[in-house]
1. Once R0 is set to 41 Å, what does the formula 1/(1 + (r/R0)^6) return for the Cβ-Cβ distance between Leu175 and Leu204, expressed as a FRET efficiency to the nearest 0.05?
2. Can you tell me the length gained on complete extension of the stretch Phe160 to Ile33, counting 0.36 nm per residue apart and subtracting the Cα distance?
3. Pop a pseudo-label 7 angstrom from the Cα along the beta-carbon direction at both Phe278 and Asp55 and give the gap in nm to one decimal.
4. For the peptides 120-126, 155-161, 96-102, what is the packing order when you average, over each peptide's residues, the other Cβ atoms within 10 Å and list the highest mean first?
5. Listed highest first by mean packing, meaning other Cβ atoms within 10 Å per residue, what order do 77-87, 325-335 come in?
6. Starting from the exponent 0.38 and prefactor 2.2 Å, build the expected Rg for the stretch 241-348 from its residue count and divide its actual Cα Rg by it.
Amino acid sequence: MVETKTSADTKWFPEKRRTLKRTVPFLVIGLLIFIGYLYFFVDIPEMLTTIQHIDLFYYSLAVAVLLLNMLAYSLTWQYFLRPLSINVPFKKTFLITWVGIFVEFFVPSESIGEDASKIYLMTKESGENTGKVVASVLGHRILSMVVTLSTLIICSLSLFITQYELHALVSNLILLIIVGTAIPLIFIFLLFLKKDLTQKLVDLLLRFFTFVSRGRLKLASLRSKAKKALSAFHQSIEVLGRNPRSLVQPVFFSIVSWFLSVLISYLVFFSLGYPVSFVLLTIVYSISRSLQSIPTMLPGEVGFIEIVMTTLYIALLGPQAAAVSAAATVLIRVLWVWFRLPLGFIAV
């Protein structure tokens, strides 16, 4: 067993080094794009001066809230696993969640890298059928999307009722996110309800992968495994559907996770001496969170999300708040990306 582990480690490190070599150039490109944006649209010296006057007490609170957020996020998944009889200690679920955070940095789409790594590791750890694990991860992902979409709609309506004048860019993005999130949700629910549709889609994907592999993958074997996984998947969905009470805890912790996520932004702005409405912060968080699922080939969407957040803050708070908007964006992303990345590496 020692030889096997050593052999696996030997293969693992060169592969990770190659991944890092491929990632670094794209990371540099993303950072340069953001710096270029700051150069043309923000007073950089003023932004740096704003950061220098940060209240470390409130920023430290934001760090603590981020850790609590990860705890609530992991608990949401844990309470999806339990009704499906996937019995693993919460410590393992917590670690695998952190690994997913680490992997998403290297895969140019958050939902792909994080979810795929969680499915793979939880299947190996629990020994359960892949279909059951997929049901738990997909349920977690859908719940997060529903909570984010719901809060975005509620906050947008509250601004409309209070006759708050939204910038055209923000209004258009809100509409785009609502439509762009609702369509895949409807498609996913169709897959839940229509077993034949799911089978046809999976079979189509298997044929494609078999064609691409030029015969190295055996279609018959893959179909057999996929059939078992799909059967377990739909059985798991039925279990969750028959026990709506089992969804109470995941929903609760998902809402808590969302609240803590927005609270991080609130504390960062507060640490800069510039309190901002929770409603406005929710809109920026919901939009940027949704856009993170778009593949940009940039690790962790670095550069792209910073520009989106800064632009939205400026549009909502006004041009006079450009420096504090950029400063807050930098500090928020330091927590979400650069603070979580080494912790994810430790989990790996």
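1. After rounding, the FRET efficiency stands at 0.85.
2. Between Phe160 and Ile33, full extension yields an extra 42.3 nm.
3. Computed distance between label sites Phe278 and Asp55 equals 1.7 nm.
4. Order by mean packing, descending: 96-102, 120-126, 155-161.
5. So the order, starting with the most tightly packed, is 325-335, 77-87.
6. 1.21
Where a number appears in this text, it was derived from the coordinates with a stated rule and is not lab data. These figures come from a predicted structure and were not determined experimentally. Counting neighbours? That spans all protein chains shown, and the Cβs are built from the backbone with ideal geometry, glycine included.
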